[in-house]
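Working notes, structure below.
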Amino acid sequence: MSDLPTIEYESLARSNAQFMADLEAAATRVIRSGWYVLGQEVAAFEQEFAAHLGARHCIGVANGLDALILSIEALQLPRGSEVLVASNTYIATILAIVKAGHVPVLVEPVLETFNIDPGRLAAALTPRTRAICVTHLFGKSCRMDAIGAFAREHGLCLVEDCAQSHLASQGGHLTGTFGDAGCFSFYPTKNLGAIGDAGAVVTDDDDIADRLRHLRNYGSKQKYHNRYVGVNSRLDEMQAALLRVKLRHLQAMTDHKRDLADVYFGHLPEWLELPVRRDDEFDVFHIFAVRHPRRDGLRRFLLEKGIKTEVHYPVPPHRQDAMAGILAGDYPIADELHRTELSLPISTGHTQQEVLRVCETIRGFRP
Ligand SMILES: Cc1ncc(COP(=O)(O)O)c(C=O)c1O
């Protein structure tokens, strides 16, 4: 074991410490207000987050999974529609399609970017295809120029899973604002993280926004009048107030992570597969994902030296027990990514010195 202090993969207490006084003041304000669900804080956060993204509407919900489920429901697609989705996405994207009553059709990603391959969409198209649900994985935008053109050409709805991509953009256009709905998670580890579960949808479509406002609240906008079969998935006042504090720092937190990424790019050895960068993409590095054939050995080596890492994700969706009977077929690119991916520490609580130590330690690994 190393004598140096452990570098955690993520320490939320440390990441949030810089905002502590404002977070505590916001929490106290909510407790004293006596109004805890769907009040002024939620309305203000929705307005501020929509303005941040340049979207017409933001609808706060309880978490990122519900943001996806309710957005897909709000599209009002025929039951059993096929929805194209990346074979290596986090399981939530696929669960949302299934929970909304549709059929996920997996499309393999580009190996180097982890994101859905626009060149493979056409082969997955059938007369039942109605939508594409893209995931901007690890904080990198999918190629929305090509995907948007494909969706328009074939009359498909477009939902974006932005759980990992707050402020990421492609061609100067923010993720979440390309399609019919942009679905955000504010799970505590996300680039904009609450102090508990929270989520939101942004959309420019007035009808989708109106349906979402009903769906998140028992299908009702007017008390005791239920227009849709909805759920209880409201963003609460406490999380909205806390998110408002952190939203003010989102750009600075993003810049910090991008600076840490620059340290990785400058100091990691060339035998490691690094994230791909393109001039027209603004990556926000929710996760700094490298690849190596001896991923597990490298991970153990780093742990022995006091450096904690993660794997996103150890089991691909098509190999999950829950997906037996739902997902069929072979997905060798997803398998390869799940076998080789390693996530290095990159949070608002980490310092450049710590990232340098990670780089130097990795250089000591014999590949
Ligand atoms: C890509 C992706 N989609 C959806 C979700 C679901 O978000 P939540 O955990 O807020 O339900 C997450 C995060 O957990 C995610 O990483």
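The values are calculated or read from the model by the stated rules, or taken from the named source; none is laboratory data. Everything numeric in this text was worked out from a predicted model, so none of it was measured. Virtual Cβ from ideal backbone geometry, glycine too; neighbours counted across all protein chains shown. When the accessible area is computed, the model is the full protein with side chains, heavy atoms only, and any ligands, DNA or RNA have been set aside. Shrake-Rupley method; radii C 1.70, N 1.55, O 1.52, S 1.80 Å.
If each of Glu360 and Arg277 carries a label point 7 Å out from its Cα toward its Cβ, how far apart are those two points in nm?
Each label point is offset 7 Å from its Cα along the Cβ direction, giving 2.3 nm.
Roughly what would the spin-label model give for Asn232 and Lys99, points 7 Å off Cα along C-beta, in nm?
So the label points at Asn232 and Lys99 sit 1.6 nm apart.
At R0 = 30 Å, how high is the FRET efficiency between Thr351 and Ala44 if r is their beta carbon distance? Nearest 0.05 is fine.
Approximately 0.35, to the nearest 0.05.
Which whole-number percent of Cα pairs in the chain have a distance greater than 38 Å? Provide the component values of the computation, followed by the final result.
Numbers: 11604 of 67161 pairs.
Summing the P(r) tail past 38 Å for the chain gives 17 percent.
Can you give me the Cα centroid spacing of the range 93-169 and the range 269-331 in angstrom?
19
Counting Lys and Arg as +1 and Asp and Glu as -1, what is the net charge of the other residues whose Cβ lies under 12 Å from the Cβ of Pro78?
Net charge in that neighbourhood comes out at +2.
222 nm [θ] for the chain, helices only, -39500 (n - 2.57) per DSSP H run of 4+, per residue, to 500?
For the chain, the value works out to -11500 deg cm²/dmol.
Per residue, what accessible area does the chain have, given a 1.4 Å probe and all protein chains present, in Å²?
44
Scan the range 73-132 for trypsin sites (Lys or Arg not before Pro) in coil per DSSP, keeping those whose Cβ has at most 15 other Cβ atoms within 10 Å, and list them by number.
The qualifying sites are Arg79, Arg128.
DSSP loop (so not H, G, I, E, B), at most 15 other Cβ within 10 Å: list which chymotrypsin sites (Phe, Trp or Tyr not before Pro) in the range 263-352 pass both filters. Please report the intermediate quantities before stating the final value.
Numbers: sites: Tyr264, Phe265, Trp271, Phe282, Phe285, Phe288, Phe301; in loops: Trp271, Phe285.
The qualifying sites are Trp271.
Between Asp321 and Thr189, what's the calculated FRET efficiency when r is the beta-carbon distance and R0 is 30 Å? Round to 0.05. Walk me through the numbers before you get to the answer.
Working: r = 25 Å, r/R0 = 0.82.
Efficiency, from the Cβ-Cβ distance: 0.75.
Can you figure out the FRET efficiency of Gln251 with Asp145, using R₀ = 25 Å and their beta-carbon distance, to the nearest 0.05?
About 0.55, to the nearest 0.05.
How much accessible surface does Arg357 have with a 1.4 Å probe, in Å² rounded to 10?
Probe radius 1.4 Å; accessible area of Arg357 about 40 Å².
For a label point 7 Å from the Cα of Arg128 along Cα→C-beta, name the residues of the range 305-328 whose backbone N is under 16 Å from it.
325-328
In the range 198-287, which GluC sites (Glu not before Pro) fall in coil by DSSP and have 11 or fewer other Cβ atoms within 10 Å?
Here the GluC sites (Glu not before Pro) that fit, given the DSSP loop and packing criteria, are Glu270.
Once fully extended, how much extra length lies between Glu336 and Phe265, figured as 0.36 nm per residue of separation less the alpha-carbon to alpha-carbon distance?
Here the segment from Glu336 to Phe265 would lengthen by 23.3 nm.
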